[in-house]
1. Within region 1-29, restricting attention to residues that are assigned to a helix (DSSP H, G or I) and among the aliphatic types (A, V, I, L, M), which residue is modelled with the lowest pLDDT?
2. Collect the residues in region 1-29 that are without any contact (Cβ under 8 Å) to a residue 40 or more places away in the chain, over 17 Å from Gly69 (Cα atoms) and among the aliphatic types (A, V, I, L, M), keeping them in residue-number order.
3. Let me confirm something: among Glu38, Glu32, Glu50, which residue is surrounded by fewer than 17 Cβ atoms within 10 Å (Cβ to Cβ), free of Cβ contacts under 8 Å to residues at least 60 places away in the same chain, of a type outside the set (Val, Ile, Thr) and in a loop (DSSP other than H, G, I, E, B)?
Amino acid sequence: MKDTLQPGISYEHRFVVPQSKTVPALYPEADEFLAMPEVFATGFLVGLLEWTCIRAIIPHVFTVEAHDGVDLISAGRHERFVIYREQFDAKVSAKRHRAHPQVLLLQ
């Protein structure tokens, strides 16, 4: 980590939301999603916040906010950790072999 990375760093990332990032586009195979309004989907918002954090600094960002041009629509803390890539990849690989490749179980 460079000495220039300090708490309080800020970064602005602008993104115009296309139709492909709206709620109906999140799961177009689900009628429930297709019936929803065409607004920025939370699932894509999370990805946008991650993208912003990645662009801002690696490996740490402390707080993030998202505005829709009128209101604050999301705020939170984002933390990153230094990992040992080989160890991390080995754990992910072992987990992948234990899980069914096409099933995500939500309870």
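1. Of region 1-29, the ones assigned to a helix (DSSP H, G or I) are 19-21, 23-26.
Okay, now just the ones that are also among the aliphatic types (A, V, I, L, M), so 23, 25-26.
On the way: Val23: 95, Ala25: 95, Leu26: 92.
This residue is Leu26.
2. Hits for region 1-29 are Val23, Ala25, Leu26.
3. Just a single option satisfies the conditions, and that option is Glu38.
The values are calculated or read from the model by the stated rules, or taken from the named source; none is laboratory data. Treat the numbers as computed from the prediction; the structure is a model and nothing was measured. Quick reminder, even Gly has a Cβ in these numbers, built from the backbone with ideal geometry, and neighbours come from all protein chains shown.
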